[in-house]
Amino acid sequence: MVDPAGTRSFPDVIAASVRHRVLVLLSALMGAAIAGAVAVALPSTYESEAVLLWRPDAGLGAVGVQSQSSSGDLNRELNTQTEVVQGDAVVAAAARTTSVDATALRRAIDVATESDANLLSLRVSGPSAEAARDRVIAVTNAYVEHQRDRGRQNLSAQADALVASIEALNQQLAALEGADNVTESRRAALLSQLAPLALQEEQLRAAAAAYAGPVEVLSEASLPTDASGIGVPVGLSLGAILGLALGSLLAMLKDGWTAVRQRPEAPAMSQPHKASSSSASNTAPGR
C-alpha cells in the first residue's frame, strides 16, 4: 500500500520482497558470495599479547637510590613507557631478532596501559600465529633489556660519581703520611668521610650487577588460535544481510516502475472553440 505522501510502509517492503523473492534471493546469494570472497582474499592477521608490570623503583631501595624515571605520576610514566616500547631503540633491537622491517614492526605494535595496576598490555600482530607470538617475545625482551641496561648505567654512573671524592680523600690521607705534626683526629676525620663513600660505591656496583630492571613479565606471549578480523562466516552473514536489503530495495523499485508503466494515461482535454465577436454578430438574427 502506498500512502498519499508517496512513501512506503514496512508491510509494503515485505510484500514487494515476497512478490520478487527470486530477485531478493539472488541478491542475498550474490552479496554473500562477494563478501565471502573478500574475506578469503584478505590476508589473515593474528595478534599475541604479553602483560608487563612497571616497577620503576624495583631493586633500588636496598641501596637508597631512587629511579630517575620515577616521577610519581603513574599515568605520565606509563605513557612514557608506551613511547619507549615503540621507540627506535626497542623496535630496532626487536626487528633484528625477528628479521622484520622496523617500520612494519612499529605499525604492528599496540600498547594499552592500566595506571591503577601499573600494567602494560603489549600486543603485536603478525601474518601467522607463530609470527605474532615471536614478535611479542622479541619486543618484550628488547624492552626489558633496554630498561635494565638503562638502570644499570644509572647505577654505575652514580658509583662513578663517587670515585672522584674517594680519590681526593685517599690523596689527603697519603699526604698525611709524610707530614709532620699530623694529629690523629685529622686522620680519623678523613677516614670517617672515606668509609661511607667507599661502602656506597661498593653497594652501587653490586646493585648494578644484580639489577634486573623495572619491568616484570606477568604474562608471557601465547600462541593465538584465531585470526583477527571478520572471518569467512561473519563475512558471509554480513554479505547476505546487505544483499537481502539491496534485493528488497530493488523489488520496491521494480514495483514502482511497473506501477508507473501500467498507469492509464489521462484523456486529452479538448480546448473549447471561442467564436469571435465578429462571427457572432454575423450569425445574429435580423442581419
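For segment 123-133, take each phi angle, set θ = phi - 60°, evaluate the Karplus expression 6.51 cos²θ - 1.76 cosθ + 1.60, and give the result in whole Hz per residue in order, putting x for glycine and proline.
10, 9, 9, x, x, 9, 4, 5, 5, 4, 5
All other residues with a Cβ under 9 Å from the Cβ of residue 109 taken together, and with Lys, Arg as +1 and Asp, Glu as -1, what is their net charge?
In short, +3.
What are the residues whose amide H is under 5 Å from the amide H of residue 45, where those residues sit 5 or more places off or on another chain and H is modelled from the backbone?
Here the answer is 228, since their amide H atoms fall under 5 Å of that of residue 45.
Give the Rg/Rh ratio for segment 85-218, taking Rg as the radius of gyration of the Cα atoms and Rh as the Kirkwood radius, to two decimals.
Rg/Rh: 1.30.
Rounded to whole Hz and in sequence order, give me ³J(HN,Hα) for segment 88-105 from the Karplus expression 6.51 cos²θ - 1.76 cosθ + 1.60, θ = phi - 60°, writing x for Gly and Pro.
Working through the residues one at a time gives 5, 5, 5, 5, 5, 5, 5, 5, 5, 6, 9, 6, 10, 4, 4, 5, 5, 5 Hz.
No value in this document is a laboratory result; all are computed from the given coordinates. What you see is a predicted model; the values in this text were computed from it and never measured. Cβ atoms come from the backbone with ideal geometry, glycine included; neighbour counts cover every protein chain shown.
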